[in-house]
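**Student:** Here it is: the structure, laid out below.
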Amino acid sequence: MPSYYVERLKINFKTLEEFKQFRDYGLAELSMLEDLEANLIENNSESPFYGIYLYGRLAARMCLYHIDAKYDRYFSPPQEYLELWKLEVLAPYQKQGLGSALVSYAKQFGLPIKTNARNRSAQFWEKMGFQPVRYSPERDRGESPYVWLPENVSLLDEENKEK
Ligand SMILES: CC(C)(COP(=O)(O)OP(=O)(O)OC[C@H]1O[C@@H](n2cnc3c(N)ncnc32)[C@H](O)[C@@H]1OP(=O)(O)O)[C@@H](O)C(=O)NCCC(=O)NCCS
């Protein structure tokens, strides 16, 4: 598998134009566009998106949000973690290792990661070393949460089960 260069994406009109190629283009991107147009954020501001360019085209992207420990309801002990969403590889570039490259990049932060396995992607997440979390309707609200645990971190659910 070739190694890919993952970079943090800048918020600018060019990046937002590239985002339109992705299926999961929605409110998050539109609100960035509005903020840029209203000069609420600067052109070239840092974004929570990371991506891989191939031949000058944004071929894959993901969004990573740092969630503060006080909002953690997944891990034990409660701690800061990463919410990974909007992972998407454009169709012509799928199954060439780009998705795994982005997920490996996210793991390098050494924080637990939580994602929502959409579009029947559970098998992909399991290959990436993620595990499903016991569904809690009140906490997970229709999501299919999968998590990745670094060393010395366990799941809150597992601890509660033992009590
Ligand atoms: C799911 C997705 C992110 C995977 O990225 P990718 O670059 O195609 O995946 P990779 O090439 O890194 O594949 C890594 C492994 O996962 C497997 N895999 C890839 N997509 C899969 C899927 N949808 N279901 C099951 N396994 C999958 C690959 O076969 C590969 O297995 P191997 O190591 O045994 O060969 C990508 O296909 C995609 O964007 N799909 C559309 C959007 C989507 O479903 N997003 C889900 C994230 S919530």
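**Student:** Take segment 22-57 and flag every residue that is within 24 Å of LYS95 (Cα to Cα) and out of contact with any strand residue (DSSP E or B) (no Cβ under 7 Å at 6 or more places or on another chain).
**Tutor:** TYR25, LEU54, TYR55, GLY56, ARG57
**Student:** Looking at (1) closer than 26 Å to LYS114 by Cβ; (2) surrounded by fewer than 17 Cβ atoms within 10 Å (Cβ to Cβ); (3) at pLDDT below 95, which is the one condition that is false for ASN43?
**Tutor:** All conditions are met except number (1).
**Student:** Something else now. Do any residues in segment 80-109 that are of a type in the set (D, E, K, R) have Cβ atoms under 8 Å from those of residues that are more than 7 Å from the ligand (Cβ to nearest atom) and assigned to a helix (DSSP H, G or I), where the two are at least six apart or on different chains, and which pairs are they?
**Tutor:** GLU80/ALA69; LYS86/ALA28
**Student:** Would you call TYR146 closer than 22 Å to SER47 by Cβ and within 13 Å of the ligand (Cβ to nearest atom)?
**Tutor:** Working: closer than 22 Å to SER47 by Cβ: no; within 13 Å of the ligand (Cβ to nearest atom): yes.
The answer is no for TYR146.
**Student:** Please name all residue pairs, on different chains or six or more residues apart, with Cβ atoms under 6 Å, provided the first residue is in segment 37-52 and is aromatic (Phe, Trp, Tyr) and the second residue is part of a loop (DSSP other than H, G, I, E, B) and at pLDDT 95 or above.
**Tutor:** Short answer, once both residue conditions are applied: TYR50/VAL6.
**Student:** It is to be established whether one or more residues within segment 69-76 are away from the ligand (no atom under 11 Å from the Cβ), farther than 25 Å from SER144 by Cα and acidic (Asp, Glu). Show your work before the answer.
**Tutor:** So in segment 69-76, the residues away from the ligand (no atom under 11 Å from the Cβ) come out as 69-76.
From what's left, farther than 25 Å from SER144 by Cα: none.
Within segment 69-76, none of the residues are away from the ligand (no atom under 11 Å from the Cβ), farther than 25 Å from SER144 by Cα and acidic (Asp, Glu).
**Student:** Now for a different question. Taking the criterion of being surrounded by 14 or more Cβ atoms within 10 Å (Cβ to Cβ), more than 16 Å from the chain's Cα centre (by Cα), assigned to a helix (DSSP H, G or I) and of a type in the set (S, T, N, Q), would at least one residue in segment 12-22 satisfy it? Break it down stepwise before answering.
**Tutor:** Our first condition is that a residue be surrounded by 14 or more Cβ atoms within 10 Å (Cβ to Cβ); within segment 12-22, this holds for 12, 15-16, 18-19, 21-22.
Next, from what is left, pick out any that are more than 16 Å from the chain's Cα centre (by Cα): 12, 15-16, 18, 21.
Adding the requirement that they be assigned to a helix (DSSP H, G or I) leaves 15-16, 18.
With of a type in the set (S, T, N, Q) added as a condition, the list becomes 15.
Yes, segment 12-22 contains a residue that is surrounded by 14 or more Cβ atoms within 10 Å (Cβ to Cβ), more than 16 Å from the chain's Cα centre (by Cα), assigned to a helix (DSSP H, G or I) and of a type in the set (S, T, N, Q).
**Student:** Let me ask you something else. Residues of segment 89-110 being of a type in the set (Ser, Thr, Tyr) and under 18 Å from TRP148 (Cβ atoms), which ones?
**Tutor:** Taking segment 89-110 as the starting set, the residues that turn out to be of a type in the set (Ser, Thr, Tyr) are 93, 100, 104-105.
The answer is SER100, SER104, TYR105.
Residue by residue, here is whether (1) farther than 19 Å from HIS66 by Cβ; (2) in a helix (DSSP H, G or I) holds:
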| residue | (1), (2) |
| --- | --- |
| LEU82 | no, no |
| LEU87 | no, no |
| VAL103 | no, yes |
| GLU138 | yes, yes |
| GLY142 | yes, no |
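**Student:** So, LEU111, is that one in a helix (DSSP H, G or I), among the hydrophobic types (A, V, I, L, M, F, W, C) and buried (at least 17 other Cβ atoms within 10 Å of the Cβ) or not?
**Tutor:** Numbers: in a helix (DSSP H, G or I): no; among the hydrophobic types (A, V, I, L, M, F, W, C): yes; buried (at least 17 other Cβ atoms within 10 Å of the Cβ): yes.
In short, no.
The values are calculated or read from the model by the stated rules, or taken from the named source; none is laboratory data. Because the structure is predicted, anything quoted here is derived from the model rather than measured. Cβ: placed from backbone, ideal geometry, glycine included. Neighbour counts: every protein chain shown.
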